[in-house]
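Engineer: Sharing a structure with you now.
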Amino acid sequence: MKQLIGVDLGGTSLRAARMDTGGHILQHHSVATAATAGPEAVAAQIVALVEQVMGDISRSDIQGVGIGSPGPLDPFEGVVFRAPNLKGWVDVPLRAMLEKGIGLPVVLGNDGNAAALGEWHMGSGKGCRDFIYIGLGTGIGGGIITNGQLLLGRKGAGGEVGHIQIEGSGPVCACGQVGCWEAFASGINFARWATETLQSQPESALYAQAIAGKVTPADIFAAAVQGDAPALDCVRREGEYIGRGLVSLLHLFSPERIALGGGVMAGAALLEPHVRRVIETQAMEPFRDVEIVYAHHGEHAGVIGAAALLLS
């Protein structure tokens with residue numbers, strides 16, 4: 001059986017892996033992304049990284065290369081419309097650039113959709129007909145499987161779950177709008193508003209860090225485990241923000257299972273009671289029994305998901 005190569009294109013790092021169709025990684029390498037050097041430089045990095053993970057096996061043994069990229073993008077045409085964390089990335093024909101450089105078939109997909117496919121084919125969503133994956137990291141991404149199909153929408157740009165609105169006002173999101181789920185519940189925004197909150201809480205062990213603007217989600221979770229009351233309150237608020245977004249997705253898509261992943265879920269045990277309470281009180285009764293699980297692939301979610309694009 002042919003092997004797969006998955007590439008996770010991020011603003012900070014590029015990761016590539018060669019694996020079998022069961023998601024077992026055979027080779028894995030990563031480099032820092034040349035994020036300010038332009039699309040051609042990053043494409044050259046991807047080509048070199050693919051060559052690395054191929055090693056000495058023949059191209060005839062490789063089914064293709066899947067690329068999980070930030071978007072929005074058009075997976076049908078293979079074009080990245082815009083990647084805000086990559087300088088100069090506007091209407092980049094990434095698939096064509098890489099097929100020329102690699103000499104193998106290339107499939108391009110949104111990184112959130114790719115991670116959802118990876119979990120559906122080879123992880124926490126296996127066996128489901130209706131499944132949602134949510135990645136709570138620097139931003140919020142994810143993908144929606146409905147009736148056994150990945151939801152793509154017009155131009156393949158559907159499923160931008162981080163930009164559903166959970167408030168009528170608030171901080172401006174990276175997309176330029178206000179009230180987005182990402183602007184409240186993503187890792188970077190959790191740290192932002194928690195830092196602002198803790199700056200007025202001198203009783204917290206995190207007060208000095210907050211004044212210095214150096215509080216991270218990991219700091220908040222650690223302080224909460226120690227019983228720090230202001231940190232516990234921040235965890236409650238974050239769990240409620242996560243829950244609000246999930247309620248909207250439950251009502252829209254009625255999945256049988258939701259998988260949560262990303263760095264924020266390092267605090268899953270602390271967050272879960274608050275997430276569950278919001279679902280129990282704000283979701284309509286038929287939707288409340290949804291199964292909520294944690295994503296299986298951890299740090300490899302991006303590359304496994306990118307490879308799974310070749311299976312869809």
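Where a number appears in this text, it was derived from the coordinates with a stated rule and is not lab data. All values derive from a computational prediction rather than experimental measurement. Reconstructed Cβ throughout: ideal geometry from the backbone, glycine too, with neighbour counts over all protein chains shown.
Engineer: Can you tell me the convex hull volume per residue for the range 91-188, based on C-alpha atoms, in Å³ to the nearest whole number?
Structural biologist: Details: hull volume 13.2 nm³, N = 98.
Considering the Cα atoms of the range 91-188, their hull volume per residue is 135 Å³.
Engineer: What is the range 1-141 by shape, rounded, prolate or oblate, if you read a ≥ b ≥ c off the alpha carbon gyration tensor as root eigenvalues and call it rounded for a/c under 1.5, prolate for a/b larger than b/c, and oblate otherwise?
Structural biologist: Details: a/c = 1.62, a/b = 1.07, b/c = 1.52.
Note, shape of the range 1-141 comes out oblate.
Engineer: Related question: Give a residue-ordered list of calculated ³J(HN,Hα) values for the range 271-276 (Karplus: 6.51 cos²θ - 1.76 cosθ + 1.60, θ = phi - 60°; whole Hz; x for Gly, Pro).
Structural biologist: Values per residue, Gly and Pro as x: 7, 3, x, 6, 4, 5 Hz.
Engineer: Now for a different question. Between residue 288 and residue 196, how many nm apart are label points set 7 Å from Cα along the C-beta direction?
Structural biologist: Once both label points are built, they end up 3.3 nm from each other.
Engineer: Over the chain, what is the percentage of antiparallel beta bridges among all DSSP beta bridges, to the nearest 5?
Structural biologist: On the way: 27 of 47 bridges.
So the antiparallel bridges amount to about 55 percent of the total.
Engineer: In the structure displayed, which of 126/155; 87/214; 2/87 lie more than 32 Å apart, Cα to Cα? Each step should come with its number before you reach the end.
Structural biologist: Values: 126/155 27 Å; 87/214 26 Å; 2/87 35 Å.
Result: 2/87 exceed 32 Å.
Engineer: Using only Cα atoms, figure out Rg for the range 210-275 and give it as a multiple of 2.2 N^0.38 Å.
Structural biologist: On the way: Rg = 13.4 Å, N = 66, 2.2 N^0.38 = 10.8 Å.
For the range 210-275, the normalised Cα radius of gyration comes out at 1.24.
Engineer: Computed FRET efficiency, Cβ-Cβ of residue 269 and residue 100, R0 51 Å: what is it to the nearest 0.05? Please list the in-between numbers first.
Structural biologist: Numbers: r = 47 Å, r/R0 = 0.93.
So the FRET efficiency works out to roughly 0.60.
Engineer: So how do 201-210, 111-120 stack up, highest first, on mean other-Cβ count within 10 Å?
Structural biologist: Working: 201-210: 17.0, 111-120: 30.2.
The peptides rank, most packed first, as 111-120, 201-210.
Engineer: So what is the calculated 222 nm ellipticity per residue for the chain, using -39500 (n - 2.57) for each DSSP H run with n of 4 or more, over all residues, to the nearest 500 deg cm²/dmol? Could you put the intermediate results ahead of the total?
Structural biologist: On the way: 10 runs with 115 residues, N = 312.
So the calculated ellipticity at 222 nm is -11500 deg cm²/dmol.
Engineer: Convert each backbone phi in the range 289-294 into a coupling constant with the Karplus relation 6.51 cos²θ - 1.76 cosθ + 1.60 (shift: θ = phi - 60°), then list the ³J(HN,Hα) values in order as whole Hz, x for Gly and Pro.
Structural biologist: Taking θ as phi minus 60°, the curve returns 8, 4, 7, 10, 10, 10 Hz for the range 289-294.
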